[in-house]
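Since the structure comes first, as structure tokens, the remarks are kept for the end.
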Amino acid sequence: MRRFIIVLLLIVGLPHRALALEVKAVADRNHITTGETVQLTVTIKNGEGNVDVTHIRDFKVTSQGTQTSVRIVNNSVSREINHTYTLIPLKTGRLTIPPLTVTTGGKRSRTQPITVRVTKTAPRTNSTSDIFVTATVSNANPYQGEQFVYTFKFFSAVRFQNAGFHKEPEFPGFTAKKIEKNRSYRKVIGKRNYNVIELTYILIPLKSGDLTIEPSILGCDIPSGKRQRRNNPFDSFFNDPFFGNYARKQLSTTPIAVKVKPLPGYGGDQPFSGLVGHYSIHAALGDRKTAQAQIKTGNSVTLSITVTGTGNIMDAGDPLAHIPSEFKVYKDTPDDKIELTPQGFKGQKVFRQALVPTKAGHYTIEPVQLTYFDVETGAYRTVSSETLALDVQPPDPDEVDETIHKFTTSAQTESPALNKLKVKRTGHDILTVKDDLDSLKSQSPLAWHRFMIYLAAPLLGYLILLMTLKITRKQDNAYQRMARRAEQALKTAQQQSAADESFFTLLYTALVSAILSTAGKQGTLLTYTEARDILITGGHSDKIADKAAALLKQVESARYSGIIKDEASGQNLFTDVKSMIRRLLRQ
Amino acid sequence: MKFGSILFIISVLLLLANSSTTMAGKDISGLTTQQTAAFLNGLNAYKNAAYDDAIMQFNQVAATGVINGKLYYNLGNAYMKNGDLGNAILWYERALKRIPADPDLKFNLDYARGLVKDKKESEQAPILRVLFFWNHLLNGLNIQQIAIILNISFWLLLAAQLFIRKKILKAPASVILLLTVIFTATAFYNSYAAQYRRYAVVLPGEVAVRSGLTGDSTSLFVLHAGTKVKIEKENGSHYRVFFAHSKIGWVNKTQLGLID
């Protein structure tokens with residue numbers, strides 16, 4: 001990290017000299033054989049730019065990345081960018097890497113052309129190569145849709161490390177599936193013992209015509225052949241490949257041309273299933289997989305149609321079975337069991353459908369036919385299943401129809417009662433009309449003004465209630481309050497003697513309050529005249545009014561003049577006042 | 001005097017509110033026999049697959065002023081069976097405003113919408129449907145009725161509070177007030193929407209939406225039977241419709257059915 005910072009500071013801090021832009025292309029080899037590759041390095045010195053490699057026609061070009069290096073020599077900084085490519089020859093002879101255009105800041109520079117001689121590979125049997133790769137196909141002339149095998153082999157007679165694809169096999173125009181497990185074995189070629197790693201792909205051409213499987217490039221490190229002078233005894237030890245001296249080697253396969261034949265025209269009666277390979281078809285009834293079955297009306301039986309074979313079995317569609325019209329048919333999801341073997345796709349696909357007879361009788365299900373393209377004979381072929389017989393008995397009267405519930409969706413499970421059927425839509429229609437007579441009742445929203453009135457009415461009702469309560473409570477309160485005060489004063493006076501200072505004041509308060517309460521008024525003082533008028537206005541007789549006024553005068557005199565001194569007179573007055581108050585309040 | 005005046009005002013208000021009901025009730029009762037007969041005839045015609053006759057009978061009932069989701073649903077069904085997708089969806093949409101939670105209606109409308117050729121490009125945000133769910137479960141009348149009942153309940157609670165003089169009614173009154181406000185506001189919004197946010201359904205099999213009001217105006221795009229559009233403007237015999245962003249134009253009124 002520190003070193004990096006120093007270098008960075010140097011780059012930034014040192015005075016730069018205007019260095020000229022240099023571009024050059026270098027190939028690591030000028031003579032190769034087919035199956036070998038050339039490593040091309042385009043170096044851009046003192047600048048940055050893009051390299052245009054589209055003009056290289058004789059090689060297939062794969063970019064290996066870019067490296068940048070900085071050098072400081074005599075106070076001047078130079079910078080190099082190396083673009084590295086792997087070139088795979090597409091033919092033999094003298095091939096040319098044309099001048100490559102490098103664009104740097106709008107300025108174009110060109111490299112020098114390079115010539116590379118490509119010769120044919122010597123036969124492997126006499127080969128002395130330590131390490132090489134091959135690619136082969138099991139059938140270079142397949143039919144469209146016919147599967148074949150692509151095998152990539154890596155031979156090594158020496159120790160290697162860090163092996164990995166620089167360019168994995170690509171199969172444009174094919175569907176490809178790699179067999180997960182790689183094979184590894186030993187093989188003797190030309191008296192040399194090779195370790196072989198084998199990768200296998202199953203290919204199915206998607207179209208007819210001339211297709212090419214591009215070369216694959218594998219890179220690995222192998223011991224370099226350079227010998228160093230042994231200056232000391234330890235050299236022999238450390239020169240062992242275990243401790244280093246490995247060189248990176250790139251190995252390429254040759255392109256493989258595949259001529260895919262189109263399927264011949266088909267003019268048969270049966271529809272072509274689209275299957276290419278070799279197939280058979282089998283039909284059975286019920287869980288026991290027999291050609292005969294016996295059920296009752298309303299019960300179900302499973303018809304299984306199994307397509308077995310090798311080829312594009314996964315593309316098998318539902319074979320057309322001619323089911324008598326007396327049966328209801330419920331189709332299930334197909335179930336497949338397909339394996340990927342070194343020879344290709346192989347397996348079976350099972351199509352199940354539940355048949356529910358609606359009528360008793362003896363029925364025959366005609367053989368189900370399947371037409372496929374047989375790659376062995378190069379012709380279309382139709383295979384048929386067995387004829388099936390079904391004896392349908394009338395139902396028991398008390399039997400519950402559990403047809404649908406019992407039908408199993410799973411091929412693996414043989415206990416239908418435990419499985420539930422995924423309900424599928426069997427038709428499309430709308431639900432029927434509504435025949436309720438409330439269809440004639442109008443559901444129109446309330447008119448705007450009516451809605452407002454309905455909203456306002458409770459508010460008005462509440463306001464009325466509030467006002468009513470206010471008025472009535474006001475009246476009630478004056479009467480009750482004064483009556484309560486009269487009673488209270490009377491009660492307090494009863495507990496006192498006439499000699500007490502407040503005795504007559506209490507009698508006065510009690511009498512005034514009682515008189516005022518009859519009129520529903522509040523107050524603390526009254527003249528005799530006022531008292532009399534109030535009582536007469538309140539509907540009392542003149543006699544009562546006069547008596548009450550006189551009593552009020554008597555109490556007032558006693559209160560201020562103190563003319564009543566003895567207890568007896570005071571109690572008599574109390575009794576009179578009490579009697580008057582009772583009478584007034586009662587009325 | 002005051003009390004008497006208020007009582008008088010309330011009586012007049014309630015009388016006014018009920019007057020229209022009473023009038024309507026009389027109208028309806030006067031036509032009930034005819035309506036019932038036409039409705040039953042429509043049902044029979046539908047069951048006998050005489051869909052033209054069923055349409056005529058149901059339309060006859062609807063023409064008397066019966067606004068009912070079930071009746072509209074039946075009309076939608078009859079049009080559907082008669083192969084008139086535009087009118088079927090129109091009547092289903094009208095029914096949806098009255099019986100928005102009806103499962104049969106939802107099923108049939110979904111089915112009918114599945115047959116519409118034009119792909120829907122603008123839809124109401126689902127979040128609004130969730131937030132204002134009650135407005136998609138209840139029809140306009142129900143919303144109004146609930147608002148009125150809640151309003152009455154609220155004022156009754158307040159009245160009870162005058163006598164009870166305890167705070168136990170405060171919380172329920174607050175909740176009911178909130179609900180009253182929500183439902184009343186919804187009712188107001190529905191009233192506004194019914195007046196100013198109008199939608200229509202394309203009735204013929206194919207309709208050219210044009211740039212102008214004349215037949216030789218440029219055809220901007222084509223809509224098919226059953227497609228729902230928003231009415232933006234009205235001009236003489238034409239509506240300016242909005243189908244989706246940047247897809248607006250003029251259509252003759254006769255080619256559209258208003259969802260009212």
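The values are calculated or read from the model by the stated rules, or taken from the named source; none is laboratory data. Small disclaimer: the values here were computed from a predicted structure and weren't measured. Cβ atoms come from the backbone with ideal geometry, glycine included; neighbour counts cover every protein chain shown. Ligands, DNA and RNA are stripped out before the accessible areas are found, and what is left, the full protein with its side chains, is counted by its heavy atoms. Shrake-Rupley method; radii C 1.70, N 1.55, O 1.52, S 1.80 Å.
Out of region A:135-150, which residues are under 38 Å from the mean Cα position of the chain (by Cα) and surrounded by fewer than 21 Cβ atoms within 10 Å (Cβ to Cβ)?
Initial filter on region A:135-150 (under 38 Å from the mean Cα position of the chain (by Cα)): A:144-150.
Once the filter is applied, which keeps residues that are under 38 Å from the mean Cα position of the chain (by Cα) and surrounded by fewer than 21 Cβ atoms within 10 Å (Cβ to Cβ), region A:135-150 yields A:GLN144, A:VAL149.
When you look at A:LEU460, is it in a helix (DSSP H, G or I), farther than 30 Å from A:ARG559 by Cβ, at pLDDT 90 or above and under 59 Å from the mean Cα position of the chain (by Cα), yes or no? Show your work before the answer.
Working: in a helix (DSSP H, G or I): yes; farther than 30 Å from A:ARG559 by Cβ: yes; at pLDDT 90 or above: yes; under 59 Å from the mean Cα position of the chain (by Cα): yes.
So A:LEU460 fits the description; yes.
Among the residues of region B:39-51, is any in contact with a Leu (Cβ under 8 Å, 6 or more places away or on another chain) and either part of a loop (DSSP other than H, G, I, E, B) or open to solvent by less than 30 Å² (accessible area, probe 1.4 Å) (or both)? Yes - at least one qualifying residue is present in region B:39-51.
Consider B:THR36 carefully, then state whether it is over 19 Å from A:ILE430 (Cβ atoms), modelled with pLDDT of 85 or more and facing another protein chain (nearest Cβ under 7 Å). Here the answer is yes, as B:THR36 does meet what is asked. Does A:LEU526 qualify as being open to solvent by less than 60 Å² (accessible area, probe 1.4 Å), among the hydrophobic types (A, V, I, L, M, F, W, C), more than 14 Å from every other protein chain (Cβ to nearest Cβ) and part of a loop (DSSP other than H, G, I, E, B)? Yes: the conditions hold for A:LEU526. Exactly one residue among A:GLY562, A:GLY539, A:GLY570 is open to solvent by 50 Å² or more (accessible area, probe 1.4 Å) and at pLDDT below 90, and that residue is A:GLY539. Comparison of A:ARG79, A:ARG159 shows that the only residue that is of a type outside the set (Val, Ile, Thr) and not in a loop (DSSP other than H, G, I, E, B) is A:ARG79. Residues considered: B:GLY226, B:GLY212. Of these, the only one that is buried (at least 16 other Cβ atoms within 10 Å of the Cβ) and assigned to a loop (DSSP other than H, G, I, E, B) is B:GLY226. Looking only at residues in region A:94-112 that are touching a strand residue (DSSP E or B) at 6+ places or on another chain (Cβ under 6 Å) and open to solvent by 10 Å² or more (accessible area, probe 1.4 Å), the one that is farthest from A:THR43 (Cα to Cα) is A:ARG94.
Checking each residue in region A:339-359 for being over 24 Å from A:GLU326 (Cα atoms) and not in a strand (DSSP E or B) picks out A:PRO342, A:GLN343. I'd like to check something: does region A:135-146 contain any residue that is part of a strand (DSSP E or B), closer than 24 Å to A:LYS60 by Cβ and of a type outside the set (S, T, N, Q)? The answer is yes; a qualifying residue exists.
Listed by first and then second residue, the pairs linking a residue in region A:496-517 that is over 23 Å from A:LEU585 (Cα atoms) to a residue that is at pLDDT below 85 and among the aliphatic types (A, V, I, L, M), with Cβ atoms under 7 Å apart and 6 or more places separating them unless they lie on different chains, are A:ALA498/A:ILE564. With respect to the conditions (1) within 24 Å of B:ILE143 (Cβ to Cβ); (2) in a helix (DSSP H, G or I), B:GLY65 lacks only one, and its number is (2).
Conditions tested, residue by residue: (1) of a type in the set (A, V, I, L, M); (2) farther than 25 Å from A:ALA163 by Cα.
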{"residue": "A:VAL51", "(1), (2)": "yes, yes"}
{"residue": "A:ILE81", "(1), (2)": "yes, yes"}
{"residue": "A:TYR85", "(1), (2)": "no, no"}
{"residue": "A:GLN112", "(1), (2)": "no, yes"}
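Can you tell me how many residues in region A:375-434 are within 14 Å of chain B (Cβ to nearest Cβ), open to solvent by 70 Å² or more (accessible area, probe 1.4 Å) and modelled with pLDDT under 80? Residues that pass the stated criteria total 2.
Before we move on, is A:LYS91 outside any strand (DSSP E or B), modelled with pLDDT under 85 and either touching a His at 6+ places or on another chain (Cβ under 6 Å) or not aromatic (Phe, Trp, Tyr) (or both)?
Numbers: outside any strand (DSSP E or B): yes; modelled with pLDDT under 85: yes; either touching a His at 6+ places or on another chain (Cβ under 6 Å) or not aromatic (Phe, Trp, Tyr) (or both): yes.
Against the criterion (outside any strand (DSSP E or B), modelled with pLDDT under 85 and either touching a His at 6+ places or on another chain (Cβ under 6 Å) or not aromatic (Phe, Trp, Tyr) (or both)), A:LYS91 qualifies.
Have a look at A:LYS359, A:LYS346 and point out the one that is at negative phi, surrounded by fewer than 20 Cβ atoms within 10 Å (Cβ to Cβ) and either free of Cβ contacts under 8 Å to residues at least 60 places away in the same chain or not assigned by TED's automatic domain parsing to the domain that holds A:GLY286 (or both).
Values: A:LYS359 fails: either free of Cβ contacts under 8 Å to residues at least 60 places away in the same chain or not assigned by TED's automatic domain parsing to the domain that holds A:GLY286 (or both).
Just a single option satisfies the conditions, and that option is A:LYS346.
Counted as qualifying within region A:246-301 are the strands (runs of 3 or more DSSP E) with 3 or more residues that are at pLDDT 80 or above and hydroxyl-bearing (Ser, Thr, Tyr), namely A:272-285. Looking at region B:68-177, the helices (runs of 4 or more DSSP H) lying wholly inside it that each contain 2 or more residues that are away from chain A (no Cβ under 13 Å) and surrounded by fewer than 20 Cβ atoms within 10 Å (Cβ to Cβ) sit at B:126-131, B:134-137.
Among the residues of region A:94-114, those that are at pLDDT 85 or above and either assigned by TED's automatic domain parsing to the domain that holds A:ILE213 or touching an Asp or Glu at 6+ places or on another chain (Cβ under 7 Å) (or both) comprise A:LEU95, A:THR96, A:LEU100, A:THR101.
Have a look at A:VAL77, A:VAL73, A:VAL61, A:VAL23 and point out the one that is at pLDDT 80 or above and either loosely packed, with under 12 Cβ neighbours inside 10 Å or in contact with a Lys or Arg (Cβ under 8 Å, 6 or more places away or on another chain) (or both).
Values: A:VAL77 fails: at pLDDT 80 or above; A:VAL73 fails: at pLDDT 80 or above; A:VAL61 fails: either loosely packed, with under 12 Cβ neighbours inside 10 Å or in contact with a Lys or Arg (Cβ under 8 Å, 6 or more places away or on another chain) (or both).
One residue alone meets the criteria, A:VAL23.
When the residues of region A:186-222 are filtered to those that are polar (S, T, N, Q) and over 30 Å from A:MET314 (Cα atoms), the one that is surrounded by the most Cβ atoms within 10 Å (Cβ to Cβ) is A:ASN195. Against the test of being outside any helix (DSSP H, G or I) and either open to solvent by 40 Å² or more (accessible area, probe 1.4 Å) or polar (S, T, N, Q) (or both), the options A:GLN488, A:GLN480, A:GLN443 yield a single qualifying residue, A:GLN443. Only one of the numbered conditions (1) open to solvent by 30 Å² or more (accessible area, probe 1.4 Å); (2) at pLDDT below 80; (3) not aliphatic (A, V, I, L, M) is not met by A:GLY35, and that is (1).
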